[in-house]
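Novice: Handing you a structure now.
What follows draws every value from the coordinates through simple rules; no lab data is involved. Small disclaimer: the values here were computed from a predicted structure and weren't measured. As a convention, Cβ positions derive from the backbone with ideal geometry for all residues, glycine included, and neighbour counts pool all protein chains shown.
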Amino acid sequence: MDIEAIKTQIACDLNDLKSIQALEGVRVKYLGRKGLIAQLTGTIPSLPAAERASFGRQVNELKTGLLALLDEKQKALAAWREGADADTIDIGMPGIAPELGHLHPITKIISEVCAIFRQMGFSVVEGPEIETEFNNFTGLNIPLEHPSRDVFDTFYLATKSTLLLRSHTSPVQIRVMKSHKPPLAIVVPGRVYRPDAVDASHSFMFHQIEGFVVDADITFADLKGTLEFFAKSVFGKDISMRFRPHFFPFTEPSAEVDISCILCKGKGCSLCGRKGWLEILGSGMIHPNVFRHVGYDPSRYTGFAFGMGVERIALLKYGIEDIRLLFENDLRFLKQF
Ligand code: DAH
């Protein structure tokens with residue numbers, strides 16, 4: 001075997017190398033137990049005695065030289081890899097855009113409704129979710145024996161406590177009237193709580209928007225005009241409205257307000273239960289007793305009030321069939337709005 005030919009072969013093998021694994025392959029090929037160097041060493045005993053020493057020295061030089069070359073190549077490969085790793089941060093690559101979120105459908109309805117009332121000069125006010133029994137009931141002319149005051153219909157904070165989770169947004173009427181003088185035009189969005197079993201149309205927590213106006217000469221005509229502007233802004237100009245007599249302790253007279261069914265336009269379908277009408281809110285002229293509770297003179301002031309369920313408006317407006325979908329935080333649902 002020609003030592004010079006082997007040197008050339010080594011140079012070729014090392015030149016093409018691209019990886020540490022390949023480098024190991026070359027190391028084994030030459031320095032392994034059955035490698036070329038071992039084979040060369042094995043031929044020494046069969047050489048003529050005069051050549052053995054010089055051949056042995058050449059093999060040794062070859063081995064030392066090869067070790068140095070392998071070492072050098074290994075360092076070069078490591079340096080090259082580091083460079084390659086650095087290059088994987090490609091500053092020319094398009095960035096990963098963060099996904100843009102948007103408002104929850106309930107928040108959207110609240111903003112939309114409040115904006116409509118702001119246009120008419122209303123101010124938006126919020127109240128606490130923990131209320132006193134007085135603000136939630138007594139101040140609103142709801143008598144002690146009224147079933148809604150029962151522990152089965154209201155979340156009291158503790159037995160015999162006069163604090164509760166408000167069951168409607170109407171108590172904010174009491175708060176605002178106690179601290180401000182008329183004229184008032186207020187809308188109140190917020191969460192309310194009732195111990196209802198959860199199903200497609202009930203939840204123990206939901207949202208309401210309360211509204212009320214108080215001044216010297218407020219009439220039922222003001223209530224009708226205001227609510228008509230609101231309903232047409234949300235559901236479209238071509239809906240009709242009707243005021244159905246009803247009872248609420250805090251208003252007299254009281255009415256429930258229906259709009260013509262947005263699906264069948266009044267003909268009767270499964271959404272409106274074949275009635276042609278959809279109930280959207282409760283309303284009425286503020287009861288004189290409410291004014292007495294807040295220290296307003298009922299012979300001087302009149303006012304109207306209304307309250308609506310935000311989920312109900314959202315279900316109708318977006319065609320959602322189950323209230324629970326609004327609270328499950330499933331992005332596949334929420335992304336549709
Ligand atoms: N507070 C009522 C409820 O939760 C809704 C309501 C009805 C509010 C009539 C009003 C009103 O201000 O006048 O069912």
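Novice: Can you tell me which of 189-201, 43-55 comes out highest on packing, and rank the rest after it, using the mean Cβ neighbours within 10 Å?
Specialist: 189-201, 43-55
Novice: Full extension from L67 to S270: what is 0.36 nm times the residue separation minus their Cα-Cα distance, to one decimal in nm?
Specialist: Length gained between L67 and S270: 64.3 nm.
Novice: Oh, and also: Be a star and scan the stretch 173-210 for residues whose amide nitrogen sits under 15 Å from the point 7 Å along the Cα-to-Cβ vector of F333.
Specialist: 198-207
Novice: Counting alpha carbon pairs within less than 8 Å and at least 6 residues apart, what relative contact order, in whole percent, applies to the chain?
Specialist: It rounds to 14 percent for the chain.
Novice: Here's something else I'd like to know. Working from the pairwise distances between different alpha carbons, so that the mean of 1/r is found and then inverted, what is the chain's Kirkwood radius in Å?
Specialist: 26.7 Å
Novice: Out of residues 5 or more away from L281 or on other chains, whose amide H comes under 5 Å of its own, with H placed 1.01 Å from N in the peptide plane?
Specialist: HN-HN under 5 Å from L281: V257.
Novice: Moving to a separate point now. In whole Å and largest first, what semi-axes does the C-alpha gyration tensor of the stretch 3-88 yield when each eigenvalue is scaled by 5 and square-rooted?
Specialist: 32, 11, 9
Novice: Please report, in debye to the nearest 20, how large the charge dipole of the chain is about its Cα centre when each Lys and Arg carries +1 at its beta carbon and each Asp and Glu carries -1 there.
Specialist: Its charge dipole is roughly 260 debye.
Novice: Compute the label zone of R57 within the stretch 1-36: residues whose backbone N is under 15 Å from the point 7 Å along Cα-to-Cβ.
Specialist: none
Novice: Report, in listed order, any pair from K237/K267; K275/K335; K29/K63; K34/K75; K181/K232; K108/K232 with a Cα-Cα distance greater than 22 Å.
Specialist: K275/K335; K34/K75; K181/K232
Novice: I'd like the Karplus ³J(HN,Hα) series for the stretch 322-332: coefficients 6.51, -1.76, 1.60, θ = phi - 60°, whole numbers in Hz, and an x wherever there's a Gly or Pro.
Specialist: Whole-Hz 3J(HN,Hα) from phi for the stretch 322-332: 9, 4, 4, 4, 6, 10, 8, 6, 8, 5, 4.
Novice: Averaging over every viewing direction, what projected area does the convex hull of the Cα atoms of the stretch 81-140 cover, in nm²?
Specialist: Result: 10.0 nm².
Novice: Given the C-alpha centroids of the stretch 106-148 and the stretch 302-337, what is the distance between them in whole angstrom?
Specialist: 17 Å
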